[in-house]
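One structure is given below, encoded as structure tokens.
Every number in this text was worked out from the coordinates using simple rules, so none of it is lab data. None of the values given here were measured: they were computed from a predicted structure. Cβ sites come from the backbone with ideal geometry, for glycine too, and all protein chains shown count toward neighbours.
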Amino acid sequence: MSTISTHQITVSDMMCNGCEDTIQDEIRHEHGVRRVSANHIEETVEVEGTDDMDIDALVQMINELGFTATRD
């Protein structure tokens with residue numbers, strides 16, 4: 001049975017709801033991801049997923065979208 005854990009990613013240059021949607025839409029279907037919530041006001045992306053979710057790969061995906069993401 002997989003354990004569910006929550007990770008927070010800081011994205012310092014999200015500016016609007018459109019930015020949130022772009023990130024959420026990209027990450028939502030990745031392996032192991034159960035829930036994703038982006039908040040441009042708090043500059044965070046909270047990702048909940050199973051043990052086999054690769055948080056470093058998700059950070060890289062956000063950076064490849066043109067944002068500046070770092071793992072907390």
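Scanning region 30-72 for residues that are without any contact (Cβ under 8 Å) to a residue 40 or more places away in the chain, touching a helix residue (DSSP H, G or I) at 6+ places or on another chain (Cβ under 9 Å) and β-branched (Val, Ile, Thr) returns VAL33, VAL36, VAL45.
For region 36-52, how many residues are of a type in the set (A, V, I, L, M) and farther than 14 Å from GLU26 by Cα? So the answer is 1.
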